[in-house]
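Structure record follows, encoded as structure tokens.
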Amino acid sequence: MTRRDAVVAGGLIFTHLLLRVGFGLENQVPDLMLLALLLASRSLSLRAGAGLGFVLGVVEDSFSMLSFGASVFAMTLVGAAGAQVRHLFVGRSIFFHSTYFLLGKWVRDFLSWIVSDASGRGGFVDYVLIESPLASLYVAAAGVAIRLLLTRESNRR
Amino acid sequence: MVGQARARRRHRRTDFHIVLGLVLLSLISVNLPADAQRSVRGAVRQSVLRPFIEIQVMVTRARSQARNYLTVRAQLDTMLTLIASQRTLAEETRQLRGLLQLEERSPSRLVPVTVTRSGTAGSASVFRIDKGSAAGIARFDAVRTDRGLLGQVLEVNPHSALAIDWSHPEFRVAAMTADGQSHGLVEVVQGQYREQDRLVLSGTAYLSDLAPGVEVLTSGRGGPFPRGIRIGWIAGVAGTSAGWDISYYIDPAVYPGTATYANVDIGLPDDTTRAAREATDSLAAASGSR
């Protein structure tokens, strides 16, 4: 993982916490923490990807009263999967990145829905098939924008 | 080459075992006892998230100071008018209670708090308040606003606490109508979408006929909520249960999203409770010796 990747991932995590927790903007902001995980895990080893996901999941779950551990589980698996993806795809096209971010977010939401307490989670159709795909599109758009910005930077160099 | 391939395979196997361990650990964290989960959550909030939480408190205060001046002024004027018009009522009540030989009503102590919400996943219906056990707040204390009941404290740290509002699936409160004739339990019934979640008063007598608009208050029975906090108003019949009881939808007095400031009802001070208990004990001992 290059220093620039680390700075970008750290910046995204900081921005996520600042906007969501600090300014209370909730879902008005895309899930930048997951985006950071998806971007970082591609250049990390399998164990480091899963480890990063685990740590970020614990931070996410610190306000979760009913389903503590759901984000930890989901982010760990997504981090591990992200680290494996680079062995399967070269992945430099916009199409790949948008699909990667979209699926990453949807899978994260689906996994956390599975292990969440049944009394506290939304309905399957409502959450997994309607709410989560919309949030995934939002994350994908933000992710592609960030990726394009970074690619342009690296091309200049 | 063969050695390198073998080393790579070994490395991959180690990676796989570590990932498996982390996944197992995450599954264990889902099933940890509530106390252990609480301490992990508290530690993260007190360390990593503390600066962000402080920012949110400052932002919330600044926003409401800028926006709410006229509202607070209007509320103050209303309160002063009410106090002026009802000044004699307290004395009349005291005299009447004396004539009826009723005990003094338990006073409540309210701790003013600022309400902030985290935008992280899984934190729906949960809010943070900026005071904790150092201010006398304890688990299960009621959180109320000037309009009525907002929620209940669930986790307490020395200088902050986490509470749930009434839309949380674990929220329940014993309730009664303002005239004290009908009693029941108020809880949330989840709709297909979160916006369809509604408060329902269940367990009231089948023959109770509550009209829309009837005020519903906490009854103070079997729980930590003091008697008389407004929960909302009857909106209509939600359903009946095999001819035994009837349940009603309730329009809430407080919409959780609108609450920026609230009060935590911490009940009697410890010394008052102790004095009351000692007085009861001495009375019982005196009547026993007779």
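Being at the interface with another protein chain (Cβ under 7 Å from one of its Cβ atoms), within 12 Å of B:THR120 (Cβ to Cβ) and either touching an Asp or Glu at 6+ places or on another chain (Cβ under 7 Å) or modelled with pLDDT of 90 or more (or both) is true for just one of A:VAL72, A:VAL59. Which residue is that?
A:VAL59
In region A:37-55 there is at least one residue matching the filter, namely being within 11 Å of another protein chain (Cβ to nearest Cβ), closer than 22 Å to A:TYR138 by Cα and modelled with pLDDT of 90 or more. Hey, could you check region A:99-122 for residues that are farther than 23 Å from B:ARG117 by Cα and either of a type in the set (S, T, N, Q) or facing another protein chain (nearest Cβ under 8 Å) (or both) and say which is surrounded by the fewest Cβ atoms within 10 Å (Cβ to Cβ)? Across region A:99-122, the extreme among qualifying residues is A:THR99. Checking A:ARG92, A:ARG121 one by one, the residue that is among the basic types (Lys, Arg) and closer than 20 Å to A:LEU35 by Cβ is A:ARG92 and no other.
If you check B:ASP141 against the conditions, is it buried (at least 18 other Cβ atoms within 10 Å of the Cβ), modelled with pLDDT of 85 or more, away from chain A (no Cβ under 12 Å) and touching a His at 6+ places or on another chain (Cβ under 8 Å)?
Answer is no for this residue.
For first residues located in region B:120-136 and away from chain A (no Cβ under 14 Å), partners that are assigned to a helix (DSSP H, G or I) and lie 6+ apart or on another chain with Cβ distances below 9 Å form the pairs B:GLY136/B:ASP270. The one condition from (1) assigned to a loop (DSSP other than H, G, I, E, B); (2) at pLDDT 80 or above that B:VAL115 does not meet is (1).
Considering region B:5-63, the residues that are part of a helix (DSSP H, G or I), of a type in the set (S, T, N, Q) and under 26 Å from A:VAL21 (Cα atoms) include one that is farthest from the other protein chains (Cβ to nearest Cβ), namely B:SER39. Does B:GLY151 fit the bill of being within 14 Å of another protein chain (Cβ to nearest Cβ) and either assigned to a strand (DSSP E or B) or buried (at least 19 other Cβ atoms within 10 Å of the Cβ) (or both)? Yes: the conditions hold for B:GLY151. Confirm whether B:ARG172 is under 17 Å from the mean Cα position of the chain (by Cα) and more than 30 Å from B:SER133 (Cβ to Cβ). Judged against the criteria, B:ARG172 is not a match.
Only a single criterion out of (1) over 37 Å from the mean Cα position of the chain (by Cα); (2) modelled with pLDDT of 85 or more is not satisfied by B:SER47, namely (1). Any chance region A:84-98 includes a residue that's within 11 Å of chain B (Cβ to nearest Cβ) and under 21 Å from B:ARG41 (Cβ atoms)? No, region A:84-98 contains no residue that is within 11 Å of chain B (Cβ to nearest Cβ) and under 21 Å from B:ARG41 (Cβ atoms).
A single entry from A:VAL55, A:VAL90, A:VAL59 fulfils the requirement of being touching a residue at least 24 places away in the same chain (Cβ under 8 Å) and not polar (S, T, N, Q): A:VAL59. The set of residues from region B:216-248 being out of contact with any Gly (no Cβ under 7 Å at 6 or more places or on another chain), of a type outside the set (A, V, I, L, M) and farther than 15 Å from B:VAL173 by Cα comprises B:GLY236, B:GLY239, B:THR240, B:SER241, B:GLY243, B:TRP244. Of all residues in region A:47-99, those that are under 17 Å from B:ASN31 (Cβ atoms), touching a Lys or Arg at 6+ places or on another chain (Cβ under 6 Å) and among the β-branched types (Val, Ile, Thr) total 0. Applying the criterion of being within 15 Å of B:GLN56 (Cα to Cα) and among the aliphatic types (A, V, I, L, M) to the residues of region B:110-119, the residue that is nearest to the other protein chains (Cβ to nearest Cβ) is B:VAL115.
The values are calculated or read from the model by the stated rules, or taken from the named source; none is laboratory data. Source: prediction; values computed, not measured. All Cβ positions, even for glycine, are placed from backbone atoms using ideal geometry, and neighbour counts span all protein chains on display.
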